[in-house]
Amino acid sequence: MTKLKNRKTFINELVDTFPQIKSEVFDEDYKKFISLQIGCFRHFTQNAIDTGDLKTVKKCFEFVDKNFETVVFEIENSLMISYLGKLNIAKGSQVDKLLPLKLKNAKEVLTSYYESPSKNERANKFLDDIKDDLSSF
């Protein structure tokens with residue numbers, strides 16, 4: 001069994017690959033929280049998506065794809081939720097076509113989970129009531 005990359009190894013590879021985000025990733029407020037560090041990377045990727053920099057987008061996706069299943073759970077979880085779960089990618093767009101199959105499938109599973117209603121009827125009623133209250137403003 002291959003040894004999974006720890007946080008230090010992953011972050012060092014991230015900033016070696018994307019030196020543009022090094023100072024932000026190592027910012028005093030971010031360096032203790034992997035989800036914030038990966039959030040910096042997500043912002044970088046989203047900016048590339050929003051500006052149409054497909055070369056950078058492809059490089060970001062390849063980095064995540066290469067690391068997705070080779071890192072400890074804490075990082076994989078953060079890549080799933082803080083990175084893939086928050087990227088804004090239009091279906092069928094050039095960016096969507098660049099997303100490797102493994103990441104596309106993971107993003108679809110995450111989206112499906114977020115969009116599925118809870119099995120807790122009380123929670124669903126509570127959320128519906130809040131939605132109704134907010135729509136009256």
The listed residue being modelled with pLDDT under 95, surrounded by 15 or more Cβ atoms within 10 Å (Cβ to Cβ) and among the basic types (Lys, Arg), out of Lys91, Lys86, Lys107
Lys107
Residue in segment 28-45 that is least open to solvent (accessible area, probe 1.4 Å), counting only those that are at pLDDT below 90 and of a type in the set (Lys, Arg):
Lys31
Starting from segment 77-90, take each residue that is farther than 20 Å from Asp53 by Cβ and list its partners that are of a type in the set (Val, Ile, Thr) and open to solvent by less than 60 Å² (accessible area, probe 1.4 Å), counting only C-beta distances under 7 angstrom and pairs at least six apart or across chains.
Ser78/Ile34; Ser78/Ile38; Leu79/Ile38; Leu79/Val64; Ser82/Ile38
Enumerate the pairs (first residue in segment 1-25 and at negative phi and without any contact (Cβ under 8 Å) to a residue 40 or more places away in the chain; second residue anywhere and open to solvent by 90 Å² or more (accessible area, probe 1.4 Å) and assigned to a helix (DSSP H, G or I)) with beta-carbon separation below 7 Å, excluding pairs fewer than 6 apart on the same chain, so at least 6 apart or on different chains.
Val15/Lys22
Residues of segment 78-108 being β-branched (Val, Ile, Thr) and under 10 Å from the mean Cα position of the chain (by Cα), which ones?
Ile81
Please work out if Phe61 is out of contact with any Pro (no Cβ under 8 Å at 6 or more places or on another chain) and of a type in the set (Phe, Trp, Tyr).
no
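The values are calculated or read from the model by the stated rules, or taken from the named source; none is laboratory data. Please read these numbers as outputs of a predicted model, since none were measured by experiment. Backbone-built Cβ (ideal geometry, glycine too); neighbour counts: all protein chains shown. Surface areas here come from the heavy atoms of the whole protein model, side chains and all, with no ligands, DNA or RNA. Shrake-Rupley method; radii C 1.70, N 1.55, O 1.52, S 1.80 Å.
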